[in-house]
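Everything below concerns the one structure shown next.
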Amino acid sequence: MKIFNTLSMRKEEFVPIEPGKIRMYVCGPTVYNLIHIGNARPMIVFDTARRYFEHKGYEVNYVSNFTDVDDKIIKAAIEEGVSADVISQRYIEECKKDMAAMNVRPATTHPLATREIDGMIEMISTLIDKGYAYEKNGTVYFRTRRFSEYGKLSHKNLDDLRSGFRDLKVSGEDEKEDNLDFVLWKPKKEGEPSWQSPWSDGRPGWHIECSVMSKRYLGDSIDIHAGGEDLVFPHHENEIAQSECCNGSIFARYWMHNAFLNINGIKMSKSLGNFFTVRDIAAKYDLQVLRLLMLSAHYRTPLNFTQELMEASKSALERITNCASRLKDIAAAGRPGEMTEEEKAGLEKARAYAVSFDEHMDDDINTADALSDIYNLVKYANINVPDDAGAAFAGAVHDELAGLCDILGIFADVKEESLDEQVEAMIAERQAARKARDFAKADAIRDQLAAMGIELMDTKEGVKWKKKS
Ligand code: AMP
Ligand code: ZN
């Protein structure tokens, strides 16, 4: 299997540190709002990579954080007159719902920055002790010139960067030894959340979070670190500097970055009004359509989101589900008994699409071409599995199709199953809220289920549900 590594800017054969295991870290969202469809791209593509690694037999330890302390969260809290915690908790919950609806599996661990402050203080102290960081007036900076490999991920020329910064010096930053030095810890401003530290009451810089959470949950050296391409510099470059100087070992061996999603060819932004949340899309479409759209492009190519592309993805999904449904019907009611010789040969042909699918996915998770294999299998099945085919043959072709779709997180069999899972998860969440005597939350979930047309019934055997007729 080959993976394009931003460090070398080449596709490299993937070899994990520990045979059969993959340690993977994906930078997660800053939780100050509902996630937008740009945020959904790394979630979907790296969830798909994870599913494929598991299909190949790897055990994947998948860690993805929530950045729950940040200027934007604090601003939102001030605007609403609530604490930053209320904002971040709310949007973590909402983000998890969107993830479930996009069939993005929960990470093995979803650490929160605010729960890892001790680890951050420890790493910053180590960096100071080793001479890689210094404190000025309560702020701690990373001393970039001490790390000779700084710039190795973003392939930037540091002298150019430094001269570019010369005119940008702003007051308060003059205390830095070097323009490229970045903040590890900063003192609090009035009204901001803060933690005690040896340097000041304050909060961590953004980059240190990921270095610490990756170390804690995956170890000093990991296999894959991933995120959107905007994170290459400075975020990931700084993570490398912090982790490698602190731990004295290679931080991540493969760096995967997804390209951006644009809207009608224009960068998505709130001020331009061309901004869609995942929830906006969910109001009009099954989010399986969004997932399919995301996978229709290779993750390293920019993706242009348009209404036409959504409609095309909707039709493509229907072609898949219609085919699966027909195959299932034949498998249930078709001719019983063993496959004919002709059917056995037909199944071999169908299986060839799965081989091609794996070859495409082995080539840097090429979901675009892997989807073509699925469409080719659909075309093959529509022509070569007639209505009077044997049940065994139709069933085997169905399973082949459903199996490939499953690797991409797409349900070939119509949504009832995904609805079941979603409803069961929401009921469990509601039960947990009740147990914690958080009745407001429990009621909110009941209302949400009602809006989805789901009626709850409390019975002796527990909570049961049905779709309202
Ligand atoms: P943020 O909350 O801004 O830190 O973003 C969370 C993740 O979403 C990061 O991996 C970003 O790189 C990614 N991301 C943000 N906007 C887009 C976009 N328009 N297209 C693709 N990825 C994006
Ligand atoms: Zn990060």
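Read-outs: derived from the displayed coordinates by stated rules, not from any lab. Not measured: the values here are computed from a predicted model. So basically every Cβ, Gly included, is an ideal-geometry build from the backbone, and we count neighbours across all protein chains shown.
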Hull volume in cubic angstrom per residue (convex hull over the Cα atoms of segment 211-265): 75 Å³
Cα gyration tensor category, rounded, prolate or oblate, for segment 19-84 with a/c compared to 1.5: prolate
On Cα atoms only, tilt of 37-55 relative to the major axis of the chain in degrees: 60 degrees
Helix-only mean residue ellipticity at 222 nm for the chain, each DSSP H run of n ≥ 4 adding -39500 (n - 2.57), per residue, nearest 500: -16000 deg cm²/dmol
Global geometry of segment 308-364, whether rounded, prolate or oblate, following the gyration tensor of its Cα atoms and the 1.5 cut on a/c: oblate
Convex hull of Cα atoms in segment 90-164, direction-averaged projection (nm²): 8.7 nm²
Neighbour-count ranking [beta-carbon atoms within 10 angstrom, fewest first] of 256, 24, 339: 339, 256, 24
Where Rh is the Kirkwood radius over Cα pairs, Rg/Rh for segment 298-423: 1.01
Rounded Å value of the spacing that divides the Cα centres of segment 257-317 and segment 27-55: 13 Å
q = 0.09 Å⁻¹: log10 I(q)/I(0) that the Debye formula gives for the chain, counting C-alpha atoms only: -0.70
Rounded D (µm²/s) - segment 374-448, Kirkwood Rh over Cα pairs, Stokes-Einstein at 20 °C, 1.002 mPa s: 140 µm²/s
Cα-based helix-to-principal-axis angle, 367-384 vs the chain, degrees rounded to 10: 10 degrees
Separation of alpha-carbon centers, segment 183-248 and segment 376-429, rounded to whole Å: 42 Å
Relative contact order computed over segment 339-466 (Cα-Cα under 8 Å; 6+ residues apart), in percent: 16 percent
Crossing angle, helix 391-407 versus the chain [Cα axis fit, 0-90 degrees, rounded to tens]: 10 degrees
Cα-Cα over 22 Å, subset of 75/188; 189/441; 186/270; 72/136; 314/379; 435/460: 189/441; 186/270; 72/136
Inter-probe distance in nm under a simple model that places probes 7 Å from Cα toward Cβ, at residue 260 and residue 435: 4.4 nm
Sorted by Cβ density within 10 Å, fewest first, the residues 66, 147: 147, 66
Base-10 log of normalised Debye intensity for segment 172-307 (one unit scatterer per alpha-carbon) at q = 0.10, 0.17 Å⁻¹: -0.53, -1.08
Using distinct alpha-carbon pairs, which all enter the 1/r mean, Kirkwood radius of segment 34-135 in Å: 16.0 Å
Rounded if a/c under 1.5, otherwise prolate or oblate - segment 231-347, Cα gyration tensor axes: oblate
Zone of residue 13's modelled label, taken as backbone nitrogen in segment 224-265 under 19 Å from a point 7 Å along Cα→Cβ: 224, 253-255
